[in-house]
Amino acid sequence: MSKVPMTAEGYSRLEEELRHLKGVERPAVIRAIAEARDHGDLSENAEYHAARERQSFIEGRVAELEDKIARAEVIDVSKLSGKEVKFGATVTLLDEDTDENASYQIVGQDEADIAARRLSITSPLARALIGKRVGDAVEVTTPGGSKSYEIVKIAFK
């Protein structure tokens, strides 16, 4: 059973989603199934089939969240420091092609959100950055071709 690294914020989001599914969604879908059963013939009851499908999705997601929470290795980013890029670091990069700066935080797979500038630890860019220092150049192969970056700053927030 491998550990899943995540920030404390990511862990609490998973716990909140699990609480919502168990406390709100699951009871609602059970009521919907009971109500659809009252309508008679189940073989042609679209409401019943939709509710059962929703229940299946909810139960699958609950199992997935419980597994991730059980395997979570919560890393408190505020206690991290150092001069090398590692999990939780916020890295400012200079795109060597466009001379534009961009900052990304390296987070767990379930926390990744490129619009919020949060890179999954498993992404090609994050894997290329791990272990590097300020001033190091990084080359990453992307679907659009090869990209070159220089590490400008490393921070732990």
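Read-outs throughout are calculated quantities, based only on the coordinates presented, and are distinct from any laboratory measurement. Just so it is clear, the model here is predicted, and its values are computed rather than measured. As a convention, Cβ positions derive from the backbone with ideal geometry for all residues, glycine included, and neighbour counts pool all protein chains shown.
Key figures
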{"item": "Full-extension gain in nm, ALA116 to ALA102, via 0.36 nm per residue minus C-alpha separation", "result": "3.9 nm"}
{"item": "Alpha-carbon centroids, segment 96-157 and segment 25-44: separation in whole Å", "result": "48 Å"}
{"item": "Within segment 82-157, GluC sites (Glu not before Pro) in DSSP loop having at most 16 other beta-carbon neighbours inside 10 Å", "result": "GLU96, GLU100"}
{"item": "Percent of alpha-carbon pairs separated by more than 29 Å within the chain", "result": "40 percent"}
{"item": "For ALA102, net neighbour charge (Lys/Arg +1, Asp/Glu -1) across residues whose Cβ lies under 10 Å away", "result": "-1"}
{"item": "For segment 45-130, average projected area of the Cα convex hull in nm²", "result": "8.6 nm²"}
{"item": "For segment 80-155: relative contact order, % (alpha-carbon pairs under 8 angstrom, 6 or more apart)", "result": "36 percent"}
{"item": "FRET efficiency estimate (nearest 0.05) - Cβ-Cβ, VAL24 to SER148, R0 35 angstrom", "result": "0.15"}
{"item": "Dmax and Rg, reported as Rg then Dmax, of segment 4-75 (C-alpha, Å)", "result": "15.8, 52"}
{"item": "DSSP beta bridges in the chain [antiparallel fraction, %, rounded to 5]", "result": "75 percent"}
{"item": "Directionally averaged projected area (convex hull, Cα atoms, segment 80-155), nm²", "result": "4.7 nm²"}
